[in-house]
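Each remark here refers to the structure printed beneath this line.
Here, each number is a calculation from the coordinates, and none is a lab measurement. Everything quoted here is computed from the prediction, not taken from an experiment. Backbone-built Cβ (ideal geometry, glycine too); neighbour counts: all protein chains shown.
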Amino acid sequence: GLWIDEISTLLTYVRRPMLETFVVYDSQNQHPLYTLMAQGSIALFGDTPSALRLPAVLLGVASVAAFYRLARRVVSREEALLGAALLTCSMHHVWFSQNARGYTGMLLATLVASAAFLAMLWQRKPQGLRLPLVYGVAASFGVWMHTTAVFVVVAHFLIWLVLCARGRDAGSNRWPP
């Protein structure tokens, strides 16, 4: 069965007309992008708890891959695999991956944005718009999934400001890309 926050999401947001998702944000229980994904899942698979939870499951699985990709930027292959295995078996990750809410989507977005952010920091010279575009899309996805993801973007900005204040190459040799 559904938990109380999932029931609230289903009744208050998912069953509303899709266009209202863009204009109704009357509680912290509204995760706008998750609402749209759940509406699509229910349209495809029917109004069941499994269909409501399917986006969280898919986002949770994708976040394990994103975690591994980010971890490979800063640790060895073995450590990244171990970390991904621990995330896969983590009680909290499993719980949030089956909860019809936007938390696993926010996790996925912040992992992808953080990997792009690190890659941009490690570039000697800007190399096109690919990384900034990935960062912007991932950060936007995260904030639209759950508004508290804005704090990740603010933290990245503050890190960038500190590195700029210390000089262009201040942190470039800390972790080789």
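With R₀ set to 35 Å, the beta-carbon distance separating residue 20 from residue 50 gives a calculated FRET efficiency near 0.90.
Can you give the relative contact order of region 3-83 as a percent, counting alpha carbon pairs under 8 Å and 6+ residues apart? Don't skip to the answer; put the middle values down first.
Details: 45 pairs, mean separation 15.9, N = 81.
20 percent.
Counting other Cβ atoms within 10 Å, keep those with at most 13, restrict to DSSP loop, and tell me which chymotrypsin sites (Phe, Trp or Tyr not before Pro) in region 23-73 are left. Intermediate results must be reported in sequence, preceding the final value.
Details: sites: 25, 34, 45, 67, 68; in loops: 25.
Within region 23-73, the qualifying chymotrypsin sites (Phe, Trp or Tyr not before Pro) (loop, at most 13 other Cβ atoms within 10 Å) are 25.
Put a dot 7 Å past the Cα of residue 11, heading toward its Cβ, do the same for residue 166, and the two dots end up 5.1 nm apart. Per-residue Karplus couplings for region 91-97, computed as 6.51 cos²θ - 1.76 cosθ + 1.60 with θ equal to phi - 60°, are listed in order as 4, 5, 5, 4, 4, 5, 6 Hz, Gly and Pro entered as x. Rounded to the nearest 20 debye, the dipole magnitude of region 1-155 is 660 debye, with +1 charges on Lys and Arg beta carbons, -1 on Asp and Glu beta carbons, and the Cα centre as origin.
If each DSSP helix of 4+ residues adds -39,500 (n - 2.57) and the sum is divided by the residues in the chain, what number results at 222 nm, nearest 500 deg cm²/dmol? All intermediate terms of the calculation are to be shown ahead of the outcome.
Working: 8 runs with 119 residues, N = 177.
-22000 deg cm²/dmol, from helical runs alone.
Annotation for region 42-83: trypsin sites (Lys or Arg not before Pro) lying in DSSP loop with at most 11 further Cβ atoms inside 10 Å of their Cβ do not exist.
Could you give the dipole magnitude of region 51-138 about its Cα centre, charging the beta-carbon of Lys and Arg +1 and that of Asp and Glu -1, in debye to the nearest 20? Working shown, then result.
On the way: 9 positive and 2 negative charges, 60 e Å.
For region 51-138, the charge dipole is close to 300 debye.
Here the 3J(HN,Hα) profile of region 31-41, calculated from phi with Karplus coefficients 6.51, -1.76 and 1.60 at θ = phi - 60°, is 10, x, 5, 5, 4, 5, 5, 5, 4, x, 5 Hz, Gly and Pro shown as x.
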